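Input: a single structure, listed below in structure tokens.
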Amino acid sequence: MSRAFTKEQDDVPSGLVERPVSHHRNLVTQNGLKLIEAELSRLQTELGQATASGDKAAIAHVSRDLRYWTARRENAELTLADKDGDVIRFGMQVTVENEDGRQQSWMIVGEDEADPSKCTISHISPLAVALFGKGNGDLVTVNGRELEIISFKAIK
């Protein structure tokens, strides 16, 4: 078949699917909002470079990611924790103690900002959901483990 009869879309990588956007509220901390905006800026630069070089595969990938991050920015809800709050909410750092006496601290953040290796968890995670509305000394059970809330404070 002559190249003239192929669609331009044939140059786009097959199997490239849209990134799913979460159906949960997109609560973000100030840092989370900055991360989204930085990602948008980086992707806009990459799109310009891919367009200049005519790399259709890169244009398709970057455009897809730009659609995702644009949607996340459009529905982002900047949420600041109440510094004087008496119960755990979004945007707080919480320290818990497990049954063995080991303590661990977690920051409750937005989905895109969460990284358990950095002790940040999403507000929709089972641990965060169990902690919401609780206070110092309360017990929560997550994945069969009992945790005692030792302290909590708003993230700066």
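Data table
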{"quantity": "Of the criteria (1) touching a His at 6+ places or on another chain (Cβ under 9 Å); (2) free of Cβ contacts under 8 Å to residues at least 12 places away in the same chain; (3) of a type outside the set (A, V, I, L, M, F, W, C), which one Thr141 fails", "calculated": "(1)"}
{"quantity": "Pair list, Cβ under 7 Å, 6 or more apart: segment 79-97 residue of a type in the set (Lys, Arg), other residue open to solvent by 40 Å² or more (accessible area, probe 1.4 Å)", "calculated": "Arg89/Asp82; Arg89/Phe132"}
{"quantity": "Strands (runs of 3 or more DSSP E) wholly inside segment 61-135 that include at least 3 residues being open to solvent by 20 Å² or more (accessible area, probe 1.4 Å) and closer than 26 Å to Glu18 by Cα", "calculated": "76-78"}
{"quantity": "Residue that is farthest from Leu33 (Cα to Cα) [pool: residues in segment 109-138 that are in contact (Cβ under 8 Å) with a residue 40 or more places away in the chain and of a type in the set (Val, Ile, Thr)]", "calculated": "Ile124"}
{"quantity": "Residue within segment 40-59 that is outside the structural domain of Lys134 (by the TED database), open to solvent by 80 Å² or more (accessible area, probe 1.4 Å), in contact with a strand residue (DSSP E or B) (Cβ under 8 Å, 6 or more places away or on another chain) and not in a loop (DSSP other than H, G, I, E, B) present", "calculated": "no"}
{"quantity": "Scan of segment 136-156 for residues that are more than 25 Å from Asp84 (Cβ to Cβ) and either among the hydroxyl-bearing types (Ser, Thr, Tyr) or open to solvent by less than 60 Å² (accessible area, probe 1.4 Å) (or both), ordered by number", "calculated": "Thr141, Val142"}
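The values are calculated or read from the model by the stated rules, or taken from the named source; none is laboratory data. Please read all numbers here as calculations on a predicted model, not as lab measurements. Neighbour counts are summed over all protein chains in view; Cβ atoms, including those assigned to glycine, are modelled from backbone coordinates with ideal geometry. What goes into the accessible areas is simple: the full protein's heavy atoms, side chains included, and nothing from ligands, DNA or RNA. Shrake-Rupley method; radii C 1.70, N 1.55, O 1.52, S 1.80 Å.
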